[in-house]
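See below for the structure under consideration.
A short reminder: the numbers here are calculations on the coordinates, not readings from a lab. Note that this is a predicted model, so its numbers are computed, not measured. Cβ atoms come from the backbone with ideal geometry, glycine included; neighbour counts cover every protein chain shown.
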Number of protein chains: 2
Amino acid sequence: MALPLPQITWRQEVLPGDPALIRALAADSGFFRPDEVAVAQELADTRLAQGLASGYHFLFAQAAEGVLGYACYGPIACTLGSWDLYWIVVRPDQQGRGLGAELLARAEARAAAAGGRSMYVETSSRPLYDPTRRFYEARGYRVLAVLSQFYAPDDDKVIYGKRLDPPAA
Amino acid sequence: MALPLPQITWRQEVLPGDPALIRALAADSGFFRPDEVAVAQELADTRLAQGLASGYHFLFAQAAEGVLGYACYGPIACTLGSWDLYWIVVRPDQQGRGLGAELLARAEARAAAAGGRSMYVETSSRPLYDPTRRFYEARGYRVLAVLSQFYAPDDDKVIYGKRLDPPAA
């Protein structure tokens, strides 16, 4: 049995220390290259500089011992109701306890409440991301496209999408 | 027969007046909504502020009478050799003379010279964009994916891609 999660506060506000924290979380996860870690941090920097006009929404799983994971998502410019899930990262010592699923469900609900009709996620075809792809597939995401060799000569982009339930009245 | 194009200088540098010029070009084209016109201008603003680190490359078709059209394109972050064509806009009174094709060919060649392996373009399924889709299809772009209702309930996203020829040695 997985250990239960510690008590969590869900925080949407982005604080000045978050970009460095996100850099560490993404780097420690083992899933991202240095250039990808830099992009993860950049989104938080941009959010701090521009606020919600940046288009980047954050959700942090905050426990007494620190941030255990976060999601970054937002409306896609020039669309009516399409949202992107940019990142979900869970601290390695907290994985396998349902925290990623909880972050995803909460991001989807917030997007739907703000008028989102669909959520999109892009990920890689590489074996490293097999668990990532299974994670999304188990939560209602369907493969909409595979762009061959998009990330690199041996690395396709897989585009997933899911229709969001309208928010409860 | 189409009228020949005036003599053109191809300009890559972005000048302080370009964001306003781009806004006018995009608005006058009749192809873009106000929110899309704002994004077109934003890319030029970002390029002026950040230089090539912005990831936005520009190519302006400059004639004595002004800018006749432009392309905006660039490498996609976190990929090795995938480039995006963000915008091609040609002034309405200059359309039908091959200027769009020339902008596209020059953007592709510059991308390939910088290590680009593929160029991607995203456009809309709406009838307004029939000529746009025919334009890309006639120049070697293949439909890689159609994301249903991506832009709006009646407006799919069509993703095109083309492998780029390696630059001549």
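Some observations on this one:
- If you wrap the tightest convex hull around every Cα atom of the range A:99-139 and split its volume per residue, you get 66 Å³.
- For the peptide A:155-163, the mean number of other protein chain Cβ atoms found within 10 angstrom of a residue's Cβ is 2.
- Space enclosed by the convex hull of the alpha-carbon atoms of the protein assembly as shown, per residue, Å³: 152 Å³
- Of all chain B residues, the one whose C-beta is nearest the axis that brings B onto A, in angstrom: B:145, 2
- Overall, the range B:60-169 carries a charge dipole of about 300 debye about its Cα centre when +1 sits on the Cβ of Lys and Arg and -1 on the Cβ of Asp and Glu, all other atoms neutral.
- Exposure proxy order (Cβ contacts within 10 Å, fewest to most) of A:43, A:104, B:21: B:21, A:43, A:104
- Ascending list, in nanometres, of distances separating the residue B:152 label from those of the other copies (7 Å, Cα toward Cβ): 4.1
- Separation of the residue A:64 and residue A:24 label points, Cα + 7 Å toward Cβ, nm: 1.9 nm
- For the range A:98-127, the residues whose backbone nitrogen is under 20 Å from a point 7 Å from the Cα of residue A:146, taken along Cα to Cβ, are A:120-127.
- Put a plus charge on the Cβ of each Lys and Arg, a minus charge on the Cβ of each Asp and Glu, and nothing anywhere else: the dipole of the range A:9-117 about its Cα centre is then about 260 debye.
- Cα gyration tensor shape of chain B, rounded if a/c is under 1.5, else prolate or oblate by comparing a/b with b/c: rounded
- From phi via Karplus (6.51, -1.76, 1.60), per-residue ³J(HN,Hα) for the range A:32-37 in Hz, x at Gly/Pro: 10, 6, x, 5, 6, 4
- Extension gain, residue B:155 to residue B:7: 0.36 nm times the residue separation minus the Cα-Cα distance gives 49.5 nm.
- Among A:87, B:10, the order by Cβ neighbours within 10 angstrom, fewest to most, reads B:10, A:87.
- Projecting the Cα positions of B:14, B:85, B:149 onto the charge dipole of the protein assembly as shown (unit charges on Cβ atoms of Lys, Arg, Asp and Glu, taken about the Cα centre) puts B:149 furthest along the positive direction.
- Karplus 3J(HN,Hα) series, Hz, for the range B:134-148 with 6.51 cos²θ - 1.76 cosθ + 1.60 (x for Gly, Pro): 5, 4, 5, 4, 6, 10, x, 7, 10, 5, 9, 6, 10, 9, 4
- Derived scalar couplings ³J(HN,Hα) [the range A:88-98; Karplus, 6.51 cos²θ - 1.76 cosθ + 1.60; whole Hz; x for Gly, Pro]: 10, 10, 10, 4, x, 6, 10, 6, x, 10, x
- Structural descriptor for chain A: relative contact order 18 percent, calculated from alpha carbon pairs under 8 angstrom and at least 6 residues apart.
- Within chain B, longest stretch free of exposed GluC sites (Glu not before Pro) [DSSP loop, at most 12 other beta carbons within 10 Å]: B:66-169
- Interchain or long-range residues, amide H under 5 Å from residue A:69's placed H: A:61, A:91
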